[in-house]
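Inspection log for the structure reproduced underneath, given as structure tokens.
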Amino acid sequence: MADGLIPVADALARILNAARPMPVETVPLHEAAFRTLAADLAATRTQPPFPASAMDGYAVRAQDCVAGARLKKIGEAAAGRAFHGTMGAGETVRIFTGAPVPEGADAILIQENASVDGDTIIARETVSAGRFVRPRGLDFAEGDVLIQKGSVLNARALGLAAAMGHPALPVFRQPLVSVLATGDELVRPGEPVGADQIVASNSYAVCAMARAKGARALDLGIARDTMASLNDALDRAEDEGTNILVTLGGASVGDHDLVQKALTARGMQLGFWKIAMRPGKPLIFGTLKDTIILGLPGNPVSSIVCTKLFLEPLIAALMGQPDAGADPSEPAILGADMAENDLRQDYVRARLETDPSGLPRVIPFGKQDSSMLRLLTESDALLLRAPFAPAAKAGEQVRVIRL
């Protein structure tokens, strides 16, 4: 592609090709939330382990329980306290939800449909065999593989793993993402701001996005536009065992853009540094020993869009997720006319509305300057415009990435 620009899909493929899954560790169940499972997980037990009552009522033999039948109560069963005995003809056992169904019983007469006369229970309905009985193994059986390797352990998966009998789980170690902002023009929030300075914001967003994907994140602060300052920060990143180093700003080749020079001097193998996309054209990708380098643009919107498109999938790949490179876009209906596109793939900030077609309707914002962070916070999605896309009319189908 012209000017050394590479397509977005090629850039992502190269980045993911450098990813190797992290080592595996075993952590207690309560520490496994939103980690990635490193091996298929099989049940160690059968659930339920016995036929269980699904309702409060009376365990009965269906052949005895017709409307008007009088049954003799011979005991009681509750969750955790089974009735130890066998029911015979004309007998019943008071039972509560979750209790084992007594031997000899095959149905539950719910308490709303029973009358009580001392130890005699009068059925007000006829029940069929299996009524309100949860059979053994209804949920799962011992040995069933219920959670696949590469699954993110959300709340539902953790609950299932616990029910399967697992007190600890094998997971991929969390990669450490170290984030370094660069530039003499930057100050931290709350610090005095000079007439020619701005407040650094990108690192907070990138760290938050990395943590949301399951990584550990370290904010290395701000490096000034000197080799000494950059090398001090890069030394710390190496000392901390960084798996992914994200630099913010200085990714181009101007007189004050020293990031690529500093990394190359330390032995970085450069993969590429320009992508055919907007926002986010100047993006460094390389490897330095065992660390993957992503040098993101300094403009706030550019850095966040590039984090969404490249850093998040990279984290997923390091954590062993098989769908790390899956297309995150979905169809939508264009809500406004758009002009033809040039050689770069556009990611246009937009809001979503309801469309009668059932697909979302996407309305692009008029201004798209990559410094406008407020506009990004008001956006619901990024509208994709392929390189050299022709002019599009409202009502045409397009692709969006939800934010």
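Taken together, the values in this text are just the output of simple stated rules run on the coordinates, not laboratory data. For clarity, every value in this text was computed on a predicted model and none was experimentally measured. Cβ placement follows ideal geometry from the backbone for every residue including glycine, while neighbour counts extend to all protein chains displayed.
Could you give the angle, 0 to 90 degrees to the nearest 10, between helix 8-17's Cα long axis and the longest principal axis of the Cα atoms of the chain? Tilt of helix 8-17: around 70 degrees. Between D119, D239, D380, find the one with the highest GNM mean-square fluctuation for the chain; connect C-alpha pairs within less than 10 Å. It is D119. Taking 7 Å steps out from each Cα toward its Cβ at F96 and A18 produces label points 6.1 nm apart. Distance from the Cα centroid of the stretch 341-403 to that of the stretch 116-131 is 63 Å (rounded to whole angstrom).
For the chain, modelled as a GNM whose springs connect Cα atoms under 10 angstrom apart, the maximal fluctuation among G221, G143, G75 occurs at G75.
Per Stokes-Einstein, at 37 °C and 0.692 mPa s, what whole-number D in µm² s⁻¹ belongs to the chain, with the Kirkwood radius over Cα pairs as the hydrodynamic radius? Intermediate results must be reported in sequence, preceding the final value.
Values: Rh = 25.6 Å.
Estimated diffusion coefficient is 128 µm²/s.
Pairs of Cα atoms nearer than 8 Å and 6+ residues apart set the relative contact order; for the stretch 52-134 it is 43 percent.
Where a ≥ b ≥ c are the square roots of the eigenvalues of the C-alpha gyration tensor, would you call the stretch 271-403 rounded, which needs a/c under 1.5, or, failing that, prolate if a/b is larger than b/c, or oblate?
Values: a/c = 2.03, a/b = 1.63, b/c = 1.25.
Since a/c reaches 1.5 and a/b is larger than b/c, the shape of the stretch 271-403 is classed as prolate.
Among A237, A223, A52, which one shows the biggest mean-square fluctuation in a GNM of the chain, springs joining Cα atoms closer than 10 Å? So, out of A237, A223, A52, the one fluctuating most is A52.
A crude spin-label estimate for the pair D139 and D380, with each label 7 Å from Cα along the Cβ direction, gives 3.7 nm.
Pull out the extension gain between F365 and T26, defined as 0.36 nm times the separation in residues minus the alpha carbon to alpha carbon distance; nm, one decimal. Could you put the intermediate results ahead of the total?
On the way: separation 339, 0.36 × 339 = 122.04 nm, distance 4.67 nm.
Taking F365 through T26 to full extension adds about 117.4 nm, to one decimal.
Each Cα pair under 8 Å and six or more residues apart adds its separation to the average, and for the chain the resulting relative contact order is 16 percent.
Apply 1/(1 + (r/R0)^6) to the Cβ-Cβ distance of L270 and A336, taking R0 = 35 Å, and write down the FRET efficiency to the nearest 0.05. Mind showing how you got there, number by number?
Numbers: r = 40 Å, r/R0 = 1.13.
The value I calculate is 0.30.
Which FRET efficiency value, to the nearest 0.05, do you get for A394 and A326 by plugging their Cβ-Cβ distance into 1/(1 + (r/R0)^6) with R0 = 41 Å? Write down the numbers at each step before the final one.
Working: r = 29 Å, r/R0 = 0.70.
Plugging the Cβ-Cβ distance into 1/(1 + (r/R0)^6) gives 0.90.
Label-to-label distance, K72 versus T354, with points set 7 angstrom from Cα along the beta-carbon direction: 6.3 nm.
The alpha carbon centroids of the stretch 15-39 and the stretch 42-95 are separated by 44 Å. Quick one: grab the alpha carbon gyration tensor of the stretch 52-134, order the square roots of its eigenvalues as a ≥ b ≥ c, and give me rounded if a/c is under 1.5, else prolate or oblate depending on whether a/b is larger than b/c. It is rounded, given that a/c, with a ≥ b ≥ c, falls under 1.5. Pairs of lysine residues in the chain that meet both criteria, 8 or more places apart or on different chains and Cα atoms under 19 Å apart, total 9.
Across the stretch 35-194, the relative contact order, built from alpha-carbon pairs under 8 Å that are at least six residues apart, equals 36 percent.
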